[in-house]
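Undergrad: My structure is below; once you've seen it, I'll send some questions.
The values are calculated or read from the model by the stated rules, or taken from the named source; none is laboratory data. On a predicted model such as this, the values are computed, not experimentally measured, just so you know. Heads up, the Cβs are rebuilt from the backbone with ideal geometry, glycines too, and the neighbour counts pull from every protein chain shown.
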Amino acid sequence: MLPIACVYSFVAAAHAARLVTATSVTVRALSRLAVIVYLSVVATLLAGCGGDPLEPWHEEYLDEEFRVSDSDAAQSFTEYLELEDRLFRQLDEEVYSQVGTGPRFGLVRYSRGSASDPQARNPNWNRSFELTADNPAGGVLLLHGMSDSPYSLRALGESLKARGYWVIGLRLPGHGTAPSGLLRVRWQDMAGAVQLAARHLAERVGSAPLHIVGYSNGAPLALNYTLDALDSDAERVPASLVLLSPAIGLGTGAGLASWMRALANVPGLGRWVWLDVQPEFDPYKYNSFATNAGAQVFAITQRIAERVAARAATDADTVLPPVLVFKSTVDDTVSTQAVVDNLLGRLRPARHELVLYDINRVAGVGSILVDDPGPLTVRLMDDGALSFGVTLVTNQNPESREVVAQSKPPFSNGLAAIDELGLAWSRDILSLSHIALPIGPDDPLYGRERPPGGSLFLGQQAIQGERGLIRIPASYFLRLRHNPFYEYQSARILAWLTAAGKDHGDRP
């Protein structure tokens, strides 16, 4: 357990976050110096709270990574992939070479040949991938989330490939290698890589429509590219966007990451470059999280909110192309209300839609919920002023685990359709999660059941024993890692792209 001083420090840090992200009136009432001193005291307390030791994958600087500020930065997606090749060779030389092998390292991601070693898997889904098509129906660019990798969207990519789409799953800078990649990366580097991949994809599909799917932090990156394209003739405007668990608005403490990053430069507080240090056993996702990563997500969400609001205030016929959003009503990372207020609610009446996954209403745990999202979903379903459609995936009735999709069109407070999906909650799942949406229940790594012969499985499982025995937080096993309604979601995405492609073809 944490020392009691650390518990008090974390409470103080949360209070500091509220101060930093308070209303402008409150912030003006505080001097900048007072806030810095306050946070410095909190940082000093937290600096002694321990945590896992730093390993080579936390500290090695991989300078073959793409950065838009480099004078010799890649100018095409082909050059980006060549740089990526050099980056992964550098990862092998500077990180893998420092890590032992054998049973003691069996669950260490950077131990050659271990169960967690992504380089022992073929393909290595940490790398950018391109799925080509003859006479493509369109092009789809897949953008993963912060600390994630292209693996999270690879199943969707394969489904799209089977439907005739040319697909690129982009590895964003700082990702797929070592957590140290998140220490220096900027959101502008990620945006630059998105631009290169989108240009390449647009060239490959010719006049066929371009679509972008953005998961978590990939969503604001998709929006950033789209807004750039709308403001300039230099880039192809996407025919549609699909956003999964989009990082449009974060929790109230998110702004604290920027302060923590600055304080990490204070002597003795270097550990504050990390928000969390955990064992690295997941082959396709970092368990450790850098303070800079949080600061970059916060920065791009703020920028996107401002840009969408500014474009909505103009007389532009289109604020954004059609946007389809999928989100769990409970999400520990991003805000549903922000999706409504900062994005969908600002768009011109058009073909936009929000799909919400409700909690399992027959789980019998209402009395122990921290916060029931029901009031928010009821308000959305009853609000006749919304300019976008809303679909709620929820229990068929209070006594049934079967789920239905309740849909209402824009500017309506009444249901237009209730569709039976032939899907149901299992007894042991209470809700979806931020990380569950893009992963199907049959996923061999994060799914519902361990596949036959699988050597590593990080999906749904029950591990019990005494608390304090393992270094992995109990919350890791509590958080759902797959989407039991993925089949419905995948079908909706395919139908959405098809309709958007037809609209694209009908334009003069």
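Undergrad: For the condition polar (S, T, N, Q) and over 30 Å from residue 90 (Cβ atoms), what is the one hit in 180, 232? Give the derivation first.
TA: On the way: 180 fails: over 30 Å from residue 90 (Cβ atoms).
Just one listed residue meets the conditions, 232.
Undergrad: Here's another thing I want to ask about it. Using the structure shown, decide if residue 133 is over 24 Å from the mean Cα position of the chain (by Cα), within 22 Å of residue 300 (Cβ to Cβ), in the same structural domain as residue 296 (by TED's automatic domain parsing) and not in a helix (DSSP H, G or I).
TA: On the way: over 24 Å from the mean Cα position of the chain (by Cα): yes; within 22 Å of residue 300 (Cβ to Cβ): no; in the same structural domain as residue 296 (by TED's automatic domain parsing): yes; not in a helix (DSSP H, G or I): yes.
Taking the combined requirement at face value, the residue does not satisfy it.
Undergrad: Let me ask you something else. Inside the range 444-463, can you point out the residues that are of a type in the set (Lys, Arg) and within 13 Å of residue 480 (Cα to Cα)?
TA: To start, the set of residues in the range 444-463 that are of a type in the set (Lys, Arg) comprises 448, 450.
448, the sole residue that qualifies.
Yes/no per residue for (1) basic (Lys, Arg); (2) touching a Ser or Thr at 6+ places or on another chain (Cβ under 7 Å); (3) within 30 Å of residue 194 (Cβ to Cβ); (4) free of Cβ contacts under 8 Å to residues at least 60 places away in the same chain:
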position: 81; (1), (2), (3), (4): no, yes, yes, yes
position: 87; (1), (2), (3), (4): no, yes, yes, no
position: 91; (1), (2), (3), (4): no, yes, yes, no
position: 95; (1), (2), (3), (4): no, no, yes, no
position: 104; (1), (2), (3), (4): yes, no, no, yes
position: 109; (1), (2), (3), (4): yes, yes, yes, no
position: 113; (1), (2), (3), (4): no, yes, no, yes
position: 117; (1), (2), (3), (4): no, yes, yes, no
position: 126; (1), (2), (3), (4): no, yes, yes, no
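Undergrad: Right, next: For the range 193-301, list the strands (runs of 3 or more DSSP E) that sit wholly inside it and hold at least 3 residues that are aliphatic (A, V, I, L, M), under 30 Å from residue 494 (Cβ atoms) and at pLDDT 95 or above; which are they? Show your work before the answer.
TA: On the way: elements: 210-215, 240-244, 274-276.
In the range 193-301, 210-215, 240-244 are the strands (runs of 3 or more DSSP E) which contain 3 or more residues that are aliphatic (A, V, I, L, M), under 30 Å from residue 494 (Cβ atoms) and at pLDDT 95 or above.
Undergrad: Quickly run through the range 302-320 and pick out the residues that are in a helix (DSSP H, G or I) and more than 16 Å from residue 345 (Cβ to Cβ). Lay out the reasoning, then the answer.
TA: So the first thing to find is which residues in the range 302-320 are in a helix (DSSP H, G or I), and the list is 302-312.
Those that are in a helix (DSSP H, G or I) and more than 16 Å from residue 345 (Cβ to Cβ): 302, 303.
Undergrad: Applying the selection to the range 427-445, what residues are at pLDDT below 95 and either touching a His at 6+ places or on another chain (Cβ under 6 Å) or loosely packed, with under 12 Cβ neighbours inside 10 Å (or both)?
TA: If the condition is that a residue be at pLDDT below 95 and either touching a His at 6+ places or on another chain (Cβ under 6 Å) or loosely packed, with under 12 Cβ neighbours inside 10 Å (or both), then 427, 428 are the ones that fit.
Undergrad: While we're on this one: Given the conditions (1) under 24 Å from residue 222 (Cβ atoms); (2) hydrophobic (A, V, I, L, M, F, W, C); (3) modelled with pLDDT of 95 or more, which single one is not true for residue 319?
TA: (3)
Undergrad: Can you tell me which residue is surrounded by the most Cβ atoms within 10 Å (Cβ to Cβ) among those in the range 311-345 that are among the hydroxyl-bearing types (Ser, Thr, Tyr) and over 26 Å from residue 501 (Cα atoms)?
TA: Going residue by residue through the range 311-345, those that are among the hydroxyl-bearing types (Ser, Thr, Tyr) are 314, 318, 328-329, 333, 335-336.
From the residues that got through so far, the ones that are over 26 Å from residue 501 (Cα atoms) too are 314, 328-329, 333, 335-336.
Working: 314: 8, 328: 26, 329: 20, 333: 18, 335: 20, 336: 22.
Only one residue tops the list, namely 328.
Undergrad: Hey, can you tell me all the residues within the range 156-180 that are touching a strand residue (DSSP E or B) at 6+ places or on another chain (Cβ under 6 Å) and part of a helix (DSSP H, G or I)?
TA: Once the filter is applied, which keeps residues that are touching a strand residue (DSSP E or B) at 6+ places or on another chain (Cβ under 6 Å) and part of a helix (DSSP H, G or I), the range 156-180 yields 157, 160, 161.
Undergrad: Would you tally the residues in the range 117-146 being in contact with a Lys or Arg (Cβ under 6 Å, 6 or more places away or on another chain) and either surrounded by 23 or more Cβ atoms within 10 Å (Cβ to Cβ) or among the hydrophobic types (A, V, I, L, M, F, W, C) (or both)? Even if it seems obvious, please write down each step before you answer.
TA: We begin by selecting, within the range 117-146, every residue in contact with a Lys or Arg (Cβ under 6 Å, 6 or more places away or on another chain); these are 125, 127-128, 131.
Applying the additional criterion that residues be either surrounded by 23 or more Cβ atoms within 10 Å (Cβ to Cβ) or among the hydrophobic types (A, V, I, L, M, F, W, C) (or both) yields 125, 131.
Of the residues in the range 117-146, 2 are in contact with a Lys or Arg (Cβ under 6 Å, 6 or more places away or on another chain) and either surrounded by 23 or more Cβ atoms within 10 Å (Cβ to Cβ) or among the hydrophobic types (A, V, I, L, M, F, W, C) (or both).
Undergrad: Any idea which of 397, 413 is without any contact (Cβ under 8 Å) to a residue 60 or more places away in the chain and closer than 28 Å to residue 346 by Cα?
TA: Numbers: 397 fails: closer than 28 Å to residue 346 by Cα.
Checking each option against the conditions leaves just 413.
Undergrad: Still on this structure: If we scan the range 465-479, do we find a residue that is in the same structural domain as residue 398 (by TED's automatic domain parsing) and buried (at least 17 other Cβ atoms within 10 Å of the Cβ)?
TA: no
Undergrad: Check off (1) part of a loop (DSSP other than H, G, I, E, B); (2) free of Cβ contacts under 8 Å to residues at least 24 places away in the same chain; (3) more than 20 Å from residue 244 (Cα to Cα) for residue 375 and give me the number that stays unchecked.
TA: Of the numbered conditions (1) part of a loop (DSSP other than H, G, I, E, B); (2) free of Cβ contacts under 8 Å to residues at least 24 places away in the same chain; (3) more than 20 Å from residue 244 (Cα to Cα), the odd one out for residue 375 is (1).
Undergrad: For the range 181-225: of the residues being touching a strand residue (DSSP E or B) at 6+ places or on another chain (Cβ under 9 Å) and of a type in the set (Phe, Trp, Tyr), which is surrounded by the most Cβ atoms within 10 Å (Cβ to Cβ)?
TA: 215
Undergrad: Taking the conditions exactly as written (more than 23 Å from residue 496 (Cβ to Cβ) and in a loop (DSSP other than H, G, I, E, B)), does residue 145 satisfy them or not? Full working, then the answer.
TA: Numbers: more than 23 Å from residue 496 (Cβ to Cβ): no; in a loop (DSSP other than H, G, I, E, B): yes.
So residue 145 does not fit the description; no.
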